[in-house]
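For reference, the structure discussed in these notes is given below.
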């Protein structure tokens, strides 16, 4: 459940490179499984600036409130409005319909600096 | 069973939870399942079919002897003299200030025999509190380690209990209890619970608990039974509007403020905390517990500030997304005047004020089938 083509963070976000400088971001299968049923997602606004390591969204499960950290410096281009009414998409399809935000990276090289699938697998002890 | 193998005290059913793949946590020093599959599906099973819970962490005390009743009357806020044999009541231990030491269920098992069920986090505190205050001919024992507790909750709980133990326990009315034997095991059946659904609680010998758990799961699964963990239990009790010790109830908060005056019988004679509670009844409580639902999306959580008219006026004690209602709900304390009439309450969620509406009475009502 750690797709090869994605990059990852130690905080359990994934990134998919789209075009030359856009990163689609969500949380991993492992993260959604640890959180349990997601009941609410607090989304940023398109246009918001994000900083690497800064919280830009909040995912609430039945029992826990979790900050979602931006892996990169950049600007929010689009957010997944479907999560407002169907937060469970994060549980059901974390790498697909459960995406959280599309971020325009200030420096596209930031993508390559994230963990590879193999590194992330090792991080969560599934190597 | 040794405790060394677990990060906290295991219950007699710990191997069952592990075999079911439960996610375990340390709750009040006990190693307990927080969820087996998903909190939402476990809640749904309890509301629509039946759920089974391991509550063996709860504490149980026995009282017996000719002065048992007199002692219980001095310790507790409700009127234990109204209990006939085989009956139970919700009641509270209060301190001299009228604050809640614990909220408990008291059973009268026979003429001079009583059984008290206390919160797991309060077992040692309650035991010391009670022992310091007992007098006369009363035998008091902490039975927590020799008692397992399994709850069967939901509209199909009665069918499960009937299959397990026959007509007699299945015919119990709410807050009644009886003993019955199952495969040679004596079980105290009680028609009580903490979910807002019809249901039963079964007190039994820990050595017999795994076999009875297996029997119940086997009988219940065709009826849609799921094992349910602490996560579902907390959401279900909040949907039912029940207070939780440590959240809604503390030693600084009175049962009157918490809306539990039905369990405080100030006219029954003296008891610990009565003077303070009489004064509070005269003057009116400063704070009042309210139940609310969010009219803007956002999950209220324990400790979040409650605002009214530009000022912080109270705090959230419990909150969750309610899967049954499809809404974000919570409970919290606000000044009495606001509890009666207030509109325009807001909950501060991560720095933003989100609108909430007070809900009178319970969030959901359930009729017995």
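Data for the structure
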read-out: Scope the stretch B:180-202; condition over 20 Å from residue B:46 (Cβ atoms) and touching a residue at least 24 places away in the same chain (Cβ under 8 Å); matching residues; value: B:182, B:183, B:185, B:187, B:188
read-out: Residue list for the stretch B:264-292, restricted to those being touching a residue at least 60 places away in the same chain (Cβ under 8 Å) and within 26 Å of residue B:325 (Cβ to Cβ); value: B:290, B:291, B:292
read-out: Selected residue [within 27 Å of residue B:95 (Cβ to Cβ) and either touching a residue at least 40 places away in the same chain (Cβ under 8 Å) or buried (at least 20 other Cβ atoms within 10 Å of the Cβ) (or both)] from B:164, B:149; value: B:149
read-out: Any chance residue B:353 is in a strand (DSSP E or B) and over 27 Å from residue B:283 (Cβ atoms); value: yes
read-out: Hits in the stretch A:16-67 (condition: in contact with a helix residue (DSSP H, G or I) (Cβ under 6 Å, 6 or more places away or on another chain), surrounded by fewer than 22 Cβ atoms within 10 Å (Cβ to Cβ) and within 23 Å of residue A:118 (Cα to Cα)); value: A:17
read-out: Selection from the stretch B:294-306 of residues that are surrounded by fewer than 20 Cβ atoms within 10 Å (Cβ to Cβ) and away from chain A (no Cβ under 14 Å); value: B:295, B:305
read-out: Selection count where residues are touching a strand residue (DSSP E or B) at 6+ places or on another chain (Cβ under 7 Å) and away from chain A (no Cβ under 14 Å), scope the stretch B:307-327; value: 7
read-out: Condition met for residue A:90 (touching a helix residue (DSSP H, G or I) at 6+ places or on another chain (Cβ under 6 Å) and not in a loop (DSSP other than H, G, I, E, B)); value: yes
read-out: Meets criteria (within 14 Å of chain B (Cβ to nearest Cβ) and either surrounded by fewer than 20 Cβ atoms within 10 Å (Cβ to Cβ) or farther than 16 Å from residue A:34 by Cβ (or both)) for residue A:88; value: yes
read-out: Single residue of B:346, B:340 found to be away from chain A (no Cβ under 14 Å) and within 15 Å of residue B:296 (Cβ to Cβ); value: B:346
read-out: Candidate set: the stretch B:72-100, residues that are in a helix (DSSP H, G or I) and touching a helix residue (DSSP H, G or I) at 6+ places or on another chain (Cβ under 8 Å); chosen: the one surrounded by the fewest Cβ atoms within 10 Å (Cβ to Cβ); value: B:81
read-out: Selection count, the stretch A:34-77, where residues are in a loop (DSSP other than H, G, I, E, B) and more than 11 Å from chain B (Cβ to nearest Cβ); value: 13
read-out: Subset of the stretch B:167-188 (residues that are in contact with a helix residue (DSSP H, G or I) (Cβ under 6 Å, 6 or more places away or on another chain) and either under 13 Å from residue B:152 (Cβ atoms) or in the same structural domain as residue B:113 (by TED's automatic domain parsing) (or both)); value: B:169, B:170, B:182
read-out: Test for residue A:93: is it more than 11 Å from chain B (Cβ to nearest Cβ) and surrounded by fewer than 16 Cβ atoms within 10 Å (Cβ to Cβ); value: yes
read-out: Odd one out for residue A:115, checked against (1) within 14 Å of another protein chain (Cβ to nearest Cβ); (2) modelled with pLDDT of 95 or more; (3) buried (at least 18 other Cβ atoms within 10 Å of the Cβ); value: (1)
read-out: Residue B:27 being farther than 25 Å from residue B:162 by Cα, surrounded by fewer than 21 Cβ atoms within 10 Å (Cβ to Cβ) and at pLDDT below 95; value: no
read-out: Residue B:330 in contact with a strand residue (DSSP E or B) (Cβ under 6 Å, 6 or more places away or on another chain) and either in the same structural domain as residue B:352 (by TED's automatic domain parsing) or buried (at least 23 other Cβ atoms within 10 Å of the Cβ) (or both); value: yes
read-out: Filtered residues of the stretch A:63-72 (kept if within 16 Å of residue A:88 (Cβ to Cβ) and in contact with a strand residue (DSSP E or B) (Cβ under 6 Å, 6 or more places away or on another chain)); value: A:66
read-out: Odd one out for residue B:16, checked against (1) surrounded by 20 or more Cβ atoms within 10 Å (Cβ to Cβ); (2) in a helix (DSSP H, G or I); (3) touching a helix residue (DSSP H, G or I) at 6+ places or on another chain (Cβ under 8 Å); (4) assigned by TED's automatic domain parsing to the domain that holds residue B:216; value: (1)
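Residues are listed down the side, and each one gets a yes or a no for (1) farther than 22 Å from residue B:129 by Cβ; (2) within 14 Å of chain A (Cβ to nearest Cβ); (3) within 19 Å of the chain's Cα centre (by Cα):
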| residue | (1), (2), (3) |
| --- | --- |
| B:205 | yes, no, no |
| B:212 | yes, no, no |
| B:233 | yes, yes, yes |
| B:283 | yes, no, no |
| B:289 | yes, no, yes |
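The values are calculated or read from the model by the stated rules, or taken from the named source; none is laboratory data. Just so we're clear, the structure is a prediction, and the values are computed from it rather than from any experiment. Cβ sites come from the backbone with ideal geometry, for glycine too, and all protein chains shown count toward neighbours.
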